[in-house]
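A quick write-up on the structure given underneath.
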Amino acid sequence: MSAEDLKPLSEIEFQATFTVPMTDITTSAEEVVDVWPYIETVLDSEYKSANTEDWDVDHVYINQTETHQHLLINTGMKNVYLVVVIAVAERQIYGHHLLNLNQNYGIAH
């Protein structure tokens, strides 16, 4: 996989994959697609200067219509996640987005 295969999602594209409520399926999620080649390419191309050694999937959510899964990867910064979005029916990666809850929702560090 190369950097040209990556699909960074705009805020609008990312928000379009939400339907409330998002359900936490972390303990029961089954692998829809192998995300690690994609994640490794994102880390290598977009986070070269960051120590990504310990970044791992912390949470998995699915939207109400079960069309998209969100894999939240802990970046080591409180309330900041690299989210990989999976299109469930297509069994493919839809894209990725850096979710900063501190910035988006005014959460204190």
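Among beta bridges from DSSP that stay inside the chain, the antiparallel ones total about 95%. Simple spin-label estimate for E11 and T27 gives 3.5 nm between the two label positions (7 Å along the Cα-to-Cβ direction from each Cα). Considering helices alone, the calculated mean residue ellipticity of the chain at 222 nm is -5000 deg cm²/dmol, with DSSP H runs of length four and up weighted by -39500 (n - 2.57) and normalised per residue.
Note on L101 and A3: their simple-model spin labels are 3.1 nm apart, each label 7 Å out from Cα toward Cβ.
Here the gap between Q64 and S49, fully extended at 0.36 nm per residue and compared with their Cα-Cα distance, gives a gain of 1.8 nm. Shown here: mean projected area of the Cα convex hull in nm², derived from the displayed model; of the candidates (i) 7.6; (ii) 6.4; (iii) 7.1, it corresponds to (iii). For a paramagnetic label modelled on R91 (point 7 Å from Cα along Cα→Cβ), amide N atoms under 16 Å away belong, within region 1-35, to 30-35. Note on the chain: GNM, Cα springs under 10 Å; of H96, H59, H68, the largest mean-square fluctuation is that of H59.
For the chain, the relative contact order works out to 27 percent when only alpha carbon pairs closer than 8 Å and six or more residues apart are counted. Counting other Cβ atoms within 10 Å as a rough exposure proxy, the listed residues E4, E40 run E4, E40 from fewest neighbours to most.
None of the figures in this text is laboratory data; all of them are computed from the coordinates on show. None of these values were measured; they are calculated from a predicted model. When we count neighbours, we look across all protein chains shown, and the Cβ atoms used for this are built from the backbone with ideal geometry, even at glycine.
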